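Here's the structure we're looking at; comments come further down.
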Amino acid sequence: MGGVEDDEPASKRMKLSSEELRRLSNGSTIKEPVAGSSRDLMARPLQSEGGEEVVGSKGVIKKVEFVRIIAKALYSLGYIKSGAHLEEESGIPLHSSVVNVFMRQILEGNWDDSVVTLHNIGLTDERTVKSASFLILEQKFFELLDEEKVMDALNTLRTEIAPLGVNDSRVRELSSYIVSPSYCSPTRSPKQGTVRARSRSKLLEELQKLLPATVMIPEGRLEHLVEQALVLQRDACMFHNSLDKEMSLYSDHQCGRDQIPSQALQVRLCSANQIFFWSFIFLFEYLLDGKFLIVCSHEVFSTILPVYTSLESLFKRLLGSENESGKNNLKLSKKIAYHLYEIQCDFLARMLVSLFEAGECPLISSFIGSHRFDPRIIKISCKLLLSYFKQKSMSFFLQQILQAHTDEVWFLQFSHNGKYLASSSNDQSAIIWEVYETGVSLKHKLSGHQKPLSSVSWSPDDRQLLTCGAEEVVRRWDVSSGECLHVYEKTGLGMVSCGWSPDGKWIFSGLNDKSICMWELDGKELECWKGQRTLKISDLEITRDGKQIISICRETAILLLDREAKVERFIEEDQPITSFSLSRDSRFLLINLLNQEIHLWNIEGDPKLVSKYRGHKRTRFIIRSCFGGLEQAFIASGSEDSLNIAYKFLRWVYIWHRGTGELIETLPGHSGAVNCVSWNPANPHMLASASDDRTIRIWGLNNLSTKRKEPCSNGIHYCNGGY
């Protein structure tokens, strides 16, 4: 509670307008008649304090309370006349007459009278009365000091404040102001009256918080209730994953599935070395030799088409020969999709557009392309085609499949700022990808390891990257240049995991002798925790306060090691643990088990099992899961299960709602086991998956369904679409 020099902005104070202050200071209540009111026709008798009249369909809102809260909100918003009119018309005063007197006394600085009135308000809790009296007399003390009435201030402190027996430490602090020359210096500013009014207004606001709401309605009560309702609606929304903070008061909030990354990344304008025209297509993929394309429809009708390298021959095959009327016989059907390979020429793009204009491609309703190039590069043909499709409101997709690793991709992780993605592979390399709004591109391929890479770890500032070879060494890389800055190793031992301290000053590594070591950046070993500290599993996490090291110490147990307090805690599972992931706030741990379950643990204090997630398959390999989405409201995981379509086995990415545990999305596409997933922490609509098929897939939203819909007649507001 500051003195009169306190000049905190009025926006954070109790919002009392000059009109309201004038009425209180003149002895008027807020219930004065307002010019132009219909008092004679519409005013009703005062409702009693205990009136049970209710409003609303549920019968739980008391009308008296409802009207008072609305009136309070009107005054707070500066609508003084409207607030007074509401009191008059409803016959329901905002405050009782004694409370109005009390408020006026506070604003006018009648401290002794206000303390007397406080006792007459009818408070039953003596502690509340004393605490409120303390605040009032404290303000009196400060104003006496400001007026250089030091002895009067000292007398107030000794005879009025101290006997209350409230907040002794604050009393001692007030006594120090008596002898403080800096505080006792007079404030001769011409704005002194304004500062004092603000200080008294703040006192009234503090008293509002202290006194029962039935006596003085808290400031911002209506806003609090509305915000609470919006937050509850948001939390109850299964698919809420929107960066858009706009939530309408006109209708209930509800998001659709389109807020979950479920399409291979789509962009508006992007280079494409492969473009697909399709209709009623369910799935399409290359055979492993890359020479043929498998295409199938919803009816599970499939065909295998050769992949052509000649644009001219492919175009002729697509169009066929001209008929007698001179029109092309298009070899298109609802059951077959055609793969147009490397469309990069303006000539072919213009021919296709002319076919659409002539109405000769009635069955082609969508466009999809895959690319492996830098998404910032824009080709003329793609610009032309995409512009045309957008103009005609035709569907178009563009997906990115990253193929730079030459063997299975085991691990991947977005940087903290979401600007980079790092991946590691059985091919003994790691790759740093640069992330753009429209996709990702290869920045550096990191070579030097002699064994497969089991994991990567970003520095807190995302300027450096650790890579860990399976039972080999840990390397530290500069992200900007791709240069290896240091190699961490121990003679006769191999590293199995790596991680950073939150300040970026040290690194941690798990070794194959089951110990964990801490190193300075220059390679000096600082500490080593020996014994059963870790297994040969490449998971190691350090909490964001830097105090706890988390590792798998036994087949069915996770160690939470407090390195400062030297205290160990354990999470015991009934099944073997294969991997784990730490939440961004370091409060929760996601544990993957051998029995094809994912367990969510709260690790604050004694570890507690919170949720279980089921549905994915794990039979032979280490499958990793992650937190993700807005406020990490979702759980994503790789899987080994497959769907056999047209002799092609397709693997899935699974997504659950974190709070309910409900499986809300499965993403098919990979042709090998999906080993790892990572959700972009800066973009809740971007998800990456790594697979044994040697590819990384970037998943995003379906642009076709993210257009905002108007609120429905049933009062449900869809955020960026929904169904």
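Here are a few things to note about the model shown:
- Test: residue in segment 442-465 that is surrounded by fewer than 16 Cβ atoms within 10 Å (Cβ to Cβ) and touching a Cys at 6+ places or on another chain (Cβ under 7 Å): yes
- Selection status of residue 645, β-branched (Val, Ile, Thr), more than 24 Å from residue 431 (Cα to Cα) and modelled with pLDDT of 90 or more: no
- Residue among 621, 588, 634 that is aromatic (Phe, Trp, Tyr) and at pLDDT 95 or above: 588
- For segment 438-447, the tally of residues that are part of a loop (DSSP other than H, G, I, E, B) and either touching a residue at least 40 places away in the same chain (Cβ under 8 Å) or not assigned by TED's automatic domain parsing to the domain that holds residue 581 (or both) stands at 1.
- Taking segment 506-531 as the range and being in a loop (DSSP other than H, G, I, E, B) and either small (Gly, Ala, Ser) or surrounded by fewer than 12 Cβ atoms within 10 Å (Cβ to Cβ) (or both) as the test, the residues that pass are 515, 522, 523, 524, 530, 531.
- Within segment 580-616, tally of residues that are among the acidic types (Asp, Glu) and part of a strand (DSSP E or B): 1
- Conditions (1) among the β-branched types (Val, Ile, Thr); (2) loosely packed, with under 15 Cβ neighbours inside 10 Å; (3) closer than 14 Å to residue 208 by Cα: number failed by residue 116: (3)
- Restricting attention to segment 557-584 and to residues that are surrounded by fewer than 16 Cβ atoms within 10 Å (Cβ to Cβ) and under 22 Å from residue 411 (Cα atoms), the residue that is modelled with the lowest pLDDT turns out to be 576.
- Test result for residue 608, modelled with pLDDT of 95 or more and not acidic (Asp, Glu): yes
- The residue pairs whose first member lies in segment 421-435 and is within 8 Å of residue 410 (Cα to Cα), whose second member is modelled with pLDDT of 95 or more and hydroxyl-bearing (Ser, Thr, Tyr), and whose beta carbons are closer than 7 Å, counting only pairs six or more residues apart or on different chains, are 424/467.
- The single residue among 606, 693 that is over 18 Å from the mean Cα position of the chain (by Cα), closer than 22 Å to residue 435 by Cα and of a type in the set (D, E, K, R) turns out to be 693.
- Selection status of residue 155, among the polar types (S, T, N, Q) and without any contact (Cβ under 8 Å) to a residue 40 or more places away in the chain: yes
- Check on residue 674, out of contact with any Lys or Arg (no Cβ under 6 Å at 6 or more places or on another chain), among the hydrophobic types (A, V, I, L, M, F, W, C), assigned by TED's automatic domain parsing to the domain that holds residue 558 and at pLDDT 85 or above: no
- Scanning segment 461-484 for residues that are free of Cβ contacts under 8 Å to residues at least 24 places away in the same chain and part of a strand (DSSP E or B) yields 472, 478.
- Of the helices (runs of 4 or more DSSP H) lying entirely inside segment 64-164, those containing at least 3 residues that are closer than 22 Å to residue 220 by Cα and charged (D, E, K, R) span 80-90.
Quick grid of which residues meet (1) farther than 30 Å from residue 99 by Cα; (2) over 18 Å from the mean Cα position of the chain (by Cα); (3) assigned to a helix (DSSP H, G or I); (4) at pLDDT below 70:
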position	(1), (2), (3), (4)
166	no, yes, no, no
173	yes, yes, yes, no
193	no, yes, yes, yes
202	no, yes, yes, no
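The values are calculated or read from the model by the stated rules, or taken from the named source; none is laboratory data. These numbers come from a predicted model, not from an experiment. Neighbour counts are summed over all protein chains in view; Cβ atoms, including those assigned to glycine, are modelled from backbone coordinates with ideal geometry.
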